[in-house]
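Read the structure below first, then the notes.
The values are calculated or read from the model by the stated rules, or taken from the named source; none is laboratory data. Not measured: the values here are computed from a predicted model. Heads up, the Cβs are rebuilt from the backbone with ideal geometry, glycines too, and the neighbour counts pull from every protein chain shown.
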Amino acid sequence: MPTRRVFLDTNVIIECFRIGAWAQLSSALRLETVDECCTEALTGETSRPGRVDVDASMLRTGLAVIHRVTRRELNALIAKHVQMGTLDAGEKELFAHLFAHEMASAHRVALSTADKGALVRAQDLGWLDSLVSLETLLNEVGAPRPKMALLGHAYSTRFLDDVRTKIRLGIMP
């Protein structure tokens, strides 16, 4: 059976480092992302309170693949789905890569994001069922309870389920 590929956005990467779960997650799952998400995770807003320092070496070592997204891929996504232009740069690149390679609807691909806007846009592309919470991923790899207790609400399965329900009911546009 093919290995499930897990695509992470910037926020999920940062949260993994914040709670100290990156090594465990990346050693157990095939993690992938795009260049822009790596750049955002490594730079961020340096003056922001609570900023998390992401170790560049650990990040790159833990990722199975960092995909380069072309201008053509970005343009193709936005030309077909103009509302994708509202996504943050990293999410836009991530969605463009998945869209260009028709991957997110496949059962072997999981997309993890905690951004409500990205969740809404995932629905626009028919990818809502490909989304997985960071909490679910950490449970799969047996992350210890103390690390799980540190997990922010937006990374929980409950948060994802609630937003998914609101999107399907039309409460969230």
Report task. Could you please find all residues in segment 143-168 being in contact (Cβ under 8 Å) with a residue 60 or more places away in the chain and either small (Gly, Ala, Ser) or more than 20 Å from Cys16 (Cβ to Cβ) (or both)? Result -> Ala143, Gly152, Ala154
Requested in this report: Looking for whichever is over 23 Å from Ala28 (Cβ atoms), surrounded by fewer than 20 Cβ atoms within 10 Å (Cβ to Cβ) and small (Gly, Ala, Ser) here; the options are Gly142, Gly170, Gly152. Which one fits?
Outcome: Gly170
Query - Per-region count, segment 60-76, residues under 17 Å from the mean Cα position of the chain (by Cα) and closer than 15 Å to Leu8 by Cβ - result: 8
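Listed here are the residues, each with its yes/no results for (1) closer than 15 Å to Val12 by Cα; (2) at pLDDT 95 or above; (3) touching a Phe, Trp or Tyr at 6+ places or on another chain (Cβ under 9 Å).
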{"site": "Glu45", "(1), (2), (3)": "no, no, no"}
{"site": "Ile78", "(1), (2), (3)": "no, yes, no"}
{"site": "Thr86", "(1), (2), (3)": "no, no, no"}
{"site": "Ala100", "(1), (2), (3)": "no, no, no"}
{"site": "His107", "(1), (2), (3)": "no, no, no"}
{"site": "Leu111", "(1), (2), (3)": "yes, no, yes"}
Requested in this report: Kindly provide the set of residues from segment 47-87 that are part of a helix (DSSP H, G or I), surrounded by fewer than 18 Cβ atoms within 10 Å (Cβ to Cβ) and touching a strand residue (DSSP E or B) at 6+ places or on another chain (Cβ under 9 Å), ordered by number.
Outcome: Arg60
